Amino acid sequence: MRPKDIVTDRYLVLGNPVAHSQSPRIHAEFSRATGEDIAYTRLLVPLDGFAQAVATLRADGFRGANVTVPFKEDAFRCATRLSARATAAGAVNTLRFDPDGTFGDNTDGCGLVTDLRSNLGVPIAGRRVLLVGAGGAARGVLQPLLAENPAGLVIANRTLARAEALAALGGTLVRPSTLEALAGVRFDIVINSTSAGIAGEVPPLPDGLFAAGAMAYDMMYGKGTGADRTAFLAWAQTHGASAGADGLGMLVEQAAEAFFVWRGVRPATAPVLAMLRG
Ligand code: ATR
């Protein structure tokens, strides 16, 4: 029997939909491996009910939450204190319920960069990077990518105005583009941040994008490799990419960083990634 006054700290993921979320599995593994006594669940939040849900969870004693589609901007507005990276992203994927308020952070960009650099062995420094898409997912990773000092970063989007607006936040290394205008330009790292894959689609990109040895990275994740890989990675493989990776590693890395924000402990990610891939 546990003493009555030892209460397991509770966390959860908030989304709509949320049933598919891998976060409960990932955090259960982190908890087991680190010995941090946490419970982690998921909650389907009504589309117009995010602020109310957060208020209820805080009052109920929850310690924090991960936030997924479509609530990352609601979470940004709910936070009473923001990290620099959440401010830059304009979105929050990690809430920590502190006694004096709600701290909002964004670990998505850190997750992407760590996956590329540490798990995949793809340094960003000095490389030519293409970020396809200019929505919330792209904004979340822009500053962390730039912090790695790429040779240059092009943001290409179906709607040029959105690429221009996002590029304006990035400084002199960043150039906006349409998808068509990429013809004849080559990149070392091509990152798909669009939601096209949800419908099994691939953004209409020109041939010849991949430089020798180039990496294709899809921020979405598929069911696996081979025939089960994402539509973007299947396209990349037949259009000259030397290597490809989906966003499962990013998912695990952003979760590890959120765990650190909550617990001050950094869990190992490789075993969890291997478990999910298995
Ligand atoms: P998220 O938060 O996932 O980034 P979003 O803000 O709705 O979602 O942005 C979706 C991104 O995917 C946008 O860059 C969108 O292009 P537009 O700005 O032109 O709408 C892009 N996108 C979605 N479906 C696409 C498709 N079939 N082809 C190309 N781009 C697509």
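The values are calculated or read from the model by the stated rules, or taken from the named source; none is laboratory data. Note that the coordinates shown come from a computational prediction; the quantities given were computed from them, not determined experimentally. In this analysis, Cβ positions are derived from the backbone assuming ideal geometry, glycine residues included, and neighbour counts consider all displayed protein chains. To get the accessible areas, we keep the full protein, side chains included, count just its heavy atoms, and leave off ligands, DNA and RNA. Shrake-Rupley method; radii C 1.70, N 1.55, O 1.52, S 1.80 Å.
Descriptive notes on the structure:
- Here the simple spin-label model places points 7 Å from the Cα toward Cβ, and for Ala199 and Val69 these points are separated by 1.3 nm.
- Residue among Thr68, Gly240, Pro203 farthest towards the positive dipole end of the chain, charges placed on Cβ: Thr68
- Förster radius 25 Å - calculated FRET efficiency between Asp37 and Arg81 (Cβ-Cβ, nearest 0.05): 0.45
- Rolling a 1.4 angstrom probe over the protein heavy atoms with all chains in place gives the chain an accessible area of 46 Å² per residue.
- Selected from Ala161, Ala137, Leu251, residue furthest toward positive end of dipole (the chain; charges at beta carbon): Leu251
- Relative contact order of the chain, defined on C-alpha pairs under 8 angstrom at six or more residues apart (%): 15 percent
- Taking 14 Å as the cut-off, the amide N atoms of the range 197-213 that come nearer than this to a point 7 Å along the Cα-to-beta-carbon line of Thr178 belong to 204-206.
- Gained length - Thr159 relative to Lys223, 0.36 nm times residue gap less alpha-carbon distance: 20.1 nm
- Helix-derived mean residue ellipticity, 222 nm - over the chain, DSSP H n ≥ 4, -39500 (n - 2.57), to 500: -9500 deg cm²/dmol
- Unit charges on C-beta of K, R, D, E only; dipole of the range 189-278, Debye: 320 debye
- Distant alpha-carbon pairs in the chain (separation over 25 angstrom), percent: 46 percent
- Within the range 109-249, the proportion of C-alpha pairs whose separation exceeds 28 Å stands at 6%.
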